[in-house]
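For reference, the structure discussed in these notes is given below.
The values are calculated or read from the model by the stated rules, or taken from the named source; none is laboratory data. Remember, predicted model here, so these are calculated numbers, not experimental data. Cβ placement follows ideal geometry from the backbone for every residue including glycine, while neighbour counts extend to all protein chains displayed.
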Amino acid sequence: MIESTRVFSVGLGGDSEARFSGGEGLGIGPRRVVPMSLLAFDNDWVIESLKRQRDAKPTPRSNKFFLPLFADSSQIAQLSPVEKKVWERLAERPLELETLYRSAREQAQAAAVMVRKGMVIYSGFTPSDAAHVLGFSNHWSTEAAHLAAVIWAKQMRHVYGWGSFDPNDSSAVSQVVHDRVVSTICETVIKACMATGGPRNETAVFDKINRLLTDWIMDNGTMDGGLFAVNFDPGRSLVAVGAPAPFYYPAAGRMLGIDLKIPKHSDVANAIGAVVGSVVQREHITITQPSQGTFRVHSLEGPVDFSDRSRAFLWAESVASERAQSKAVGAGATAIGTVVNRYENTVSPDDLTDDVFFEGRVTATSSGRPVASPAKTLPRSPNQ
C-alpha cells in the first residue's frame, strides 16, 4: 500500500533456507522452508527425531522433513499412485526424509517431485531457528532450534566440508547465520540505492561496483587511511518493518552508518499489507495426449477431448480464466484482472519431425483489490 518508485525482492525471510552455496560457503535462501522450531512446535514428536539425527552420521537429508503445502483438485487428480500415497501419508503427519529415503525410496523421490510442483514443502534450518538459539525469539520450540543448529553444523562440516564449529555449540553456528542475514541486508540496501543511477545495463560492471562499495561502506566507509570515504546521506533514514526487523536491522543500520527507524506496529505491517494489498486466486488445468492426435483437457466436470492442440489450449484457458475470476469474486475482490500462462512439455526429435507433445498446463491468475467493508462507528475513549 506504499507508493514506491522501485522494488527489489530478495529471498531473505525468516523461513529462508540456510544452505551450503559452493565457493561462498554459506547461503541464505532463496528457497522457503518450514523452520525446524515451527515444525517441532506443531509436532512435538519431531524432537525425538532430531535427537536421533544429532547422534547419527549427518547426510544431505539431515533436518529435512516433508510437509503438505497446497494442491487443488486438478493437481490431486493428476498424481501418480505413488504420489497419491505420499499425499495421503502427509495428511496424517510430516514425513522425515531420511527415514522415508531408507524405507521407501520411491516415495521419497515422489515427494521431492511434489516439492518441485509446489504441493509439498521441506523443513530446514533457517534464520528464525538461529534467532531462537540466540534468544531473539522464543515463540516456537527453542529446543528444536538448538538441535537443528547442531545437526546443520555437522552436516556443513562432514557432508560439504565447510565450517569448523564446535559440534556442541549451537550458538556459534547460529551467530554465523544471523551475521550473514545482516550482511545480505546491507548489500541489498546498497544495491537498491545504487540502482537509481549508474550502469544498470552493464550487469557485470554494476555488480562489481556494488560489491566494492559494499565492502567499503561495511568497513567504516573509508580506505587509504581516511583519504577517501563512502557514506550514506546523513539526512536519510532506513525504515524497517516486519516481525524480524528488530533482530537484524539495528546491526545493519550500525554497519551502514545510517539512522534506523522501526515504526510502531511494524511487526504486523507485512501481514496487514498482504491482507489489504490484493486478493489473488489461481486455477490450473492440465492437458495430456492419451493417444496420438487426441488432446485431453482435464476439467473438474470430467475430461474433454480435442483433435486440435490449439483448440484444447484455448478452451482450457477460457475455463481456467472463468474459474479464477469466480474464485476472486468469492474471495472478495473487485476490479479483477486475469493473467493466463501456458506451459507445454514437448520434444523435437529432429528438424524434419513435428514436436512430440507430452503434457501441458494452463494457469489463470486473477487478482484485484479487496471490496471495502462499510465503516463501523465505534465509541471513542478519552485517550483516542
Which ones in the stretch 133-162 are out of contact with any Leu (no Cβ under 8 Å at 6 or more places or on another chain) and in a loop (DSSP other than H, G, I, E, B)? Gly135, Phe136, Ser137, Asn138, His139, Val159, Tyr160, Gly161
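Which ones in the stretch 38-62 are under 16 Å from Arg93 (Cα atoms) and not acidic (Asp, Glu)?
Looking only at the stretch 38-62, we keep the residues that are under 16 Å from Arg93 (Cα atoms), and these are 38-50.
Of everything in the stretch 38-62, those that are under 16 Å from Arg93 (Cα atoms) and not acidic (Asp, Glu) turn out to be Leu38, Leu39, Ala40, Phe41, Asn43, Trp45, Val46, Ile47, Ser49, Leu50.
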Checked the stretch 163-186 for anything surrounded by fewer than 18 Cβ atoms within 10 Å (Cβ to Cβ) and either touching a helix residue (DSSP H, G or I) at 6+ places or on another chain (Cβ under 7 Å) or outside any helix (DSSP H, G or I) (or both); matches are Ser164, Asp166, Pro167, Asn168, Asp169, Ser171, Gln175
Per-region count, the stretch 19-46, residues surrounded by 15 or more Cβ atoms within 10 Å (Cβ to Cβ) and either modelled with pLDDT of 95 or more or in a loop (DSSP other than H, G, I, E, B) (or both): 11
Can you tell me how many residues in the stretch 158-194 are modelled with pLDDT of 85 or more and of a type in the set (Lys, Arg)? 1
Restrict the check to the stretch 56-72 and report whether at least one residue is surrounded by fewer than 21 Cβ atoms within 10 Å (Cβ to Cβ) and part of a helix (DSSP H, G or I). no
List every residue pair whose Cβ atoms sit under 8 Å apart, with the two residues 6 or more apart in sequence or on different chains, where the first one lies in the stretch 96-116 and is among the charged types (D, E, K, R) and the second, anywhere, is assigned to a helix (DSSP H, G or I). Glu96/Ser49; Glu98/Gln53; Glu106/Val82
Verdict on Arg116 being modelled with pLDDT under 95 and under 19 Å from Leu67 (Cβ atoms): yes
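Considering only the stretch 331-347, state which residues are of a type in the set (A, V, I, L, M, F, W, C) and farther than 12 Å from Phe357 by Cβ. Break it down into steps so the answer makes sense when it comes.
Initially, the stretch 331-347 is screened for residues of a type in the set (A, V, I, L, M, F, W, C), giving 331, 333, 335-336, 339-340, 347.
Answer for the stretch 331-347, where residues must be of a type in the set (A, V, I, L, M, F, W, C) and farther than 12 Å from Phe357 by Cβ: Ala331, Ala333, Ala335, Ile336, Val339, Val340.
Would the stretch 330-337 turn up any residue that is at pLDDT below 95 and under 14 Å from Ile285 (Cβ atoms)? Write out each step before concluding.
Taking the stretch 330-337 and keeping what is at pLDDT below 95, we get 330-337.
From the residues that got through so far, the ones that are under 14 Å from Ile285 (Cβ atoms) too are none.
Within the stretch 330-337, none of the residues are at pLDDT below 95 and under 14 Å from Ile285 (Cβ atoms).
Go through the stretch 232-325 and tell me which strands (runs of 3 or more DSSP E), entirely inside it, have 2 or more residues that are touching a strand residue (DSSP E or B) at 6+ places or on another chain (Cβ under 9 Å), more than 28 Å from His139 (Cβ to Cβ) and at pLDDT 90 or above.
Values: elements: 237-239, 259-261, 279-291, 294-299, 302-306.
Counting at least 2 such residues, we get 279-291, 294-299, 302-306.
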Against the condition under 30 Å from Asn231 (Cβ atoms) and in contact with a helix residue (DSSP H, G or I) (Cβ under 8 Å, 6 or more places away or on another chain), how does Ile262 come out, does it pass? yes
Condition first: closer than 30 Å to Val176 by Cβ and of a type in the set (Gly, Ala, Ser). Can you find one or more residues in the stretch 232-240 that meet it? yes
Out of Leu79, Leu95, sole residue that is buried (at least 20 other Cβ atoms within 10 Å of the Cβ) and of a type outside the set (Ser, Thr, Tyr): Leu95
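Assess whether Gln155 counts as being surrounded by 20 or more Cβ atoms within 10 Å (Cβ to Cβ) and either at pLDDT 85 or above or farther than 14 Å from Gly25 by Cα (or both). Step through it out loud before you land on a result.
Working: surrounded by 20 or more Cβ atoms within 10 Å (Cβ to Cβ): yes; either at pLDDT 85 or above or farther than 14 Å from Gly25 by Cα (or both): yes.
Yes, satisfied.
So, in the stretch 45-101, how many residues would count as being more than 17 Å from Tyr122 (Cβ to Cβ) and of a type in the set (Gly, Ala, Ser)? Step through it out loud before you land on a result.
Applying the first criterion (more than 17 Å from Tyr122 (Cβ to Cβ)) to the stretch 45-101 yields 45, 47-48, 51-52, 54-57, 72-82, 84-85, 88, 91-92.
Remaining after also requiring of a type in the set (Gly, Ala, Ser): 56, 73-74, 77, 80, 91.
Adding up the residues that qualify gives 6.
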So, of the residues in the stretch 115-132 that are surrounded by 24 or more Cβ atoms within 10 Å (Cβ to Cβ) and either basic (Lys, Arg) or in a helix (DSSP H, G or I) (or both), which turns out to be farthest from the chain's Cα centre (by Cα)? His132
